[in-house]
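Written out below as structure tokens is the structure these notes cover.
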Amino acid sequence: MMEKHVAVMVPAEEVSPLWLWDLAQDQPVVELYVPVDGAPVLSLQNGDDDHRGREYRQRSMRWPIPPLVAGEALWQALAALRPLAARIAAWMMPPSGKGGPRTGLTADAQMAAAELEDRLAEAVRYLPQVEIVSAWDLSAVTIHDLAGADLTDEDLAEATARLNATVTPMTPGGVVVVRGLADRMKSARNRARARVRARLAIVAAMAETGRQERDELIRRIASWGERDDTHRSLGAAAGLSHGAVQKILTKVERDDALEAMEDRLAAALEALVRDRNPEPLHPLAATGNHNRQAERERRAQQRCAVPGCAAASRLIVKRWQIDDAVSLPADEDDPDRDPLEDTTTTLSVQPRFDGQPTWTACGTVHARTLADTDRANPAVTGTTPGNLVYHYQVETFRYRPRAAELPRPILRVRHCLELLNDSADALTQAVHAGHLTRAASCLYALKQDVARSALVLSELYTEPTPATLYRHGDPEPGLEVRQVEDGDTLYLRQPAAGGFVWIRRGDPAPRTWAELTASTEGRPLVAVPDVKLVLPTDHERHEQQDDDDGGWYDGDDDPDPYDGHL
């Protein structure tokens, strides 16, 4: 068969060295296409381009090549394959040029195709290639330095191009493409901007803390009733107008008045209940947030419920009954089906805790005492009708204080940790669900919560306890002292039956405090300094001032630094 002329299709004008990379990325191919009418075409194509029809694919052959640098050398290598492509094209259609596509190749065409593949592989060895480098192989410091928070999109693109140009190719004439560099640069800029936003959150939180302290100072000074402390003088000192000072003071008076009104309303409701019902009732029972009796009972859980025992509680005793009337939807042919309710109550039982009392105990002995006491004279509140059999479940218990029971710094820490937990959960859920846009927002919120937590934790600090001396006859130190020294000998406090003992390393015989102080032959025992948490008060940071004797005085005669307000 007579060979046909094969057209070689290459760009007519000068193109970028990355022309083939832009066209096909990782999957460039040399393609031979033989149409029904017209000359066969040898060209460079994207091997992943599958939008062409079935007939086109049957009339074409493809040979994969690596990403090569576009230019005259590549065009010449492609043109050198023309004779072999012509031999293949001669046998990809019937001799008459009519009829359907022919997918088979003759032996001569198969030999030509194999030779073309070998020629192409040999040519590729000497052609410059596009070298692919991962953006994650570059220095993170370099990325960080270039991708600043203030870069615009245009500036970011220029910085990306400059960084790409600094990577040297491994082969002569090669061109480097840093894969994912634009995305990594954009991510680095986003992180830089997130740090700026986090800084704004810190500054705003510091400003809010300063505003609260400023307002508290104004209220405190105004409460002294000094003649010179007018609204104008306070405003001048704080950089505010006298009207702004008046608003700060009025807000506190309004809050105090509202709290007093709530107390008076609660007392009136309680008196009204007593007048209507002579039976002793818990004050404000079932009145929502004003249920003071329930709050007193909740706080009582801190201590053991056995009369006369004031030890801290670590167990909780829960009374329960077996509820043998559990209602379930019943089948129509169930013999125990209630025809009115379409249910059955004879199939299942379950424990019932609703309405049953609970008690806290300091240990297993008192937990057993509480259960035995109730078993001998059980309360009937919440009892299942017709069922007087009680069971008692004992679990470990840890009292969780409410906000009103905590100092303000610790309350802020707990609140920040709750926010951190919520943000972390939201981030993991968004990532697991594949919502990366929402995950980015969750990540920014988490970073802000971390910054806020760091600011709150900076308000807390520790200080060493004094190195107190103890001699024979002195009472045993409090629990804050865990170690004492006798010269180079260290004694550790350990719990024991009825109290504590003191143990020396390597000495199996424990000693009581009296025995330990008596054994020192007159030498004092030194409490090993420990550290303790210091909770800053509302007035501590900025209201300490020198007195006439050079000491420190905070000007606060109130023994409760938190005043019950959090």
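The table that follows gives values for the structure above.
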| quantity | calculated |
| --- | --- |
| Amide H partners (placed H, <5 Å) of VAL501, local residues excluded | GLN494, ALA496 |
| J(HN,Hα) series, the range 141-156, from Karplus relation 6.51 cos²θ - 1.76 cosθ + 1.60, nearest Hz, glycine and proline x | 5, 4, 4, 4, 5, 7, 8, x, 5, 8, 6, 7, 4, 5, 5, 5 |
| Prolate/oblate/rounded label for the range 322-467 (Cα gyration tensor, a/c 1.5) | oblate |
| About the Cα centre, charge dipole magnitude for the range 309-425 (Lys/Arg +1, Asp/Glu -1 at Cβ), debye | 1520 |
| Cα→Cβ-extended label distance, 7 Å offset, between ARG62 and GLU226, nm | 8.7 |
| Trypsin sites (Lys or Arg not before Pro) within the range 430-480: DSSP coil, no more than 12 neighbouring Cβ in 10 Å | ARG471 |
| Hz values of 3J(HN,Hα) by residue in the range 326-337 - Karplus curve (6.51, -1.76, 1.60), Gly and Pro given as x | 6, 8, 10, x, 10, 5, 5, 9, 6, x, 9, 6 |
| Cα gyration tensor shape of the range 430-528, rounded if a/c is under 1.5, else prolate or oblate by comparing a/b with b/c | prolate |
| Pairwise label distance in nanometres, ALA376 with THR345, each label 7 Å out on the Cα-Cβ vector | 3.5 |
| Contour excess over end-to-end distance, with Cα ends at ASP323 and SER441 and 0.36 nm allotted per residue | 37.7 nm |
| In the range 339-442, GluC sites (Glu not before Pro) in a DSSP loop with at most 11 other beta-carbon atoms within 10 Å | GLU341 |
| Mean accessible surface per residue for the range 406-476, computed with a 1.4 Å probe while every protein chain stays in place, in Å² | 62 |
| Heavy-atom accessible area order for HIS5, HIS144, largest first, 1.4 Å probe | HIS5, HIS144 |
| Surface share of carbon and sulfur [accessible, 1.4 angstrom probe, percent] for the range 300-392 | 53 |
| Those residues of the range 315-330 whose amide nitrogen sits under 19 Å from the label point placed on GLU395, 7 Å along Cα→Cβ | 315-323 |
| Approximate spin-label separation GLN27-MET170, in nm, with each point projected 7 Å along Cα-to-Cβ | 2.4 |
| GluC sites (Glu not before Pro) restricted to the range 148-232 and DSSP loop, no more than 11 other C-beta within 10 Å | GLU226 |
| Calculated from backbone phi, Karplus (6.51, -1.76, 1.60) coupling profile of the range 118-128 in Hz, x at Gly/Pro | 5, 4, 5, 5, 5, 5, 5, 4, 10, 9, x |
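The values are calculated or read from the model by the stated rules, or taken from the named source; none is laboratory data. None of these values were measured; they are calculated from a predicted model. Cβ: placed from backbone, ideal geometry, glycine included. Neighbour counts: every protein chain shown. To get the accessible areas, we keep the full protein, side chains included, count just its heavy atoms, and leave off ligands, DNA and RNA. Shrake-Rupley method; radii C 1.70, N 1.55, O 1.52, S 1.80 Å.
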